[in-house]
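First comes the structure, then the notes that go with it.
The values are calculated or read from the model by the stated rules, or taken from the named source; none is laboratory data. As the structure is a prediction and not an experimental result, all values here were calculated from the model. Using ideal geometry, Cβ is built from the backbone for each residue, glycine included, and neighbour counts are taken over all protein chains shown.
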Amino acid sequence: MMKIKKYKKFIIIMIISMTVGGVLGGFSNKISKRDLSFGEHADNFLFKVLLAMSIIIVIYLIVTIIYIRSNYMKVDLDNIPKVINRKVSNAILLCTIQAIIGLTGDAVVINKVFDEGPLYLILVPTIFIFIAMVLLSISMKYFNYLNPNRKMNLLENGAEKKYFDKLDDGEKWVTYTCSYTTFNKMQLVFTIAIITSIVLSMFINVPVALPIVIGAMWIIQNSIYSLESRKYED
């Protein structure tokens, strides 16, 4: 009974997902498909969007790092201003996001972009990945200066685990809470993603790999959570 209550929300999400997916799937053949894409050059458009995002993020990162560089030496390490901490945290987050955007751009280029266009375009997102890694390294330098008791070396084996072990009980509790909240929210994200792929398939040609990948990632997430939780069962 306790197990059912524990996973009540997940079960409800699954039932809603299957119901909505089944209804939409049943009507999909009755709905005429319309061209809701960006024409034959959708890859070209997506590439430009990712490029624009990369430029904006890199400019913001450079401005942020200049600000941090100009102020971090003046900081009292026993009373670090929230604005500096936020700036450093945002820089680290955006560097990670930029690396993901760069990898996505590489995937777009490799996937026959620009109507079998030149493969050298892969250099553009790759350069932005390199820039993100350099800026991440700089951001981590400032993070380690501001947090001498919990320095982190991203190139070290088990860096995340070693960093976590350095946290105090309050910080670990925040990490646990954020991790569980993330898991919970991702259940909803995967549900919406699956339903969205079904809806889109009524109007445009959606690669079958898309819902398969989403479903596989959803299964992997729940499997990891379940296997990890069993380690703490009596």
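Whether a residue is loosely packed, with under 11 Cβ neighbours inside 10 Å, under 22 Å from TYR180 (Cα atoms) and of a type in the set (A, V, I, L, M) was assessed, and ILE224 does not pass this test. Filtering the range 129-160 to residues that are more than 26 Å from GLY102 (Cβ to Cβ) and either among the basic types (Lys, Arg) or within 21 Å of the chain's Cα centre (by Cα) (or both) leaves ARG150, LYS151.
In the condition set (1) over 28 Å from the mean Cα position of the chain (by Cα); (2) aromatic (Phe, Trp, Tyr); (3) modelled with pLDDT of 60 or more, PHE47 is compliant with all but (1). Which one of these is in the same structural domain as MET73 (by TED's automatic domain parsing) and over 30 Å from ASP78 (Cβ atoms): LEU146, LEU123, LEU188? The conditions single out LEU123. When each of ILE100, ILE68, ILE84, ILE57 is tested for being of a type in the set (A, V, I, L, M), under 30 Å from ALA209 (Cβ atoms), touching a residue at least 40 places away in the same chain (Cβ under 8 Å) and in the same structural domain as ARG150 (by TED's automatic domain parsing), the lone residue that passes is ILE57. Identify the residue in the range 157-174 that is surrounded by 11 or more Cβ atoms within 10 Å (Cβ to Cβ) and of a type outside the set (A, V, I, L, M, F, W, C) and, among all such residues, is nearest to ASN85 (Cα to Cα). Out of the qualifying residues, it is GLU171.
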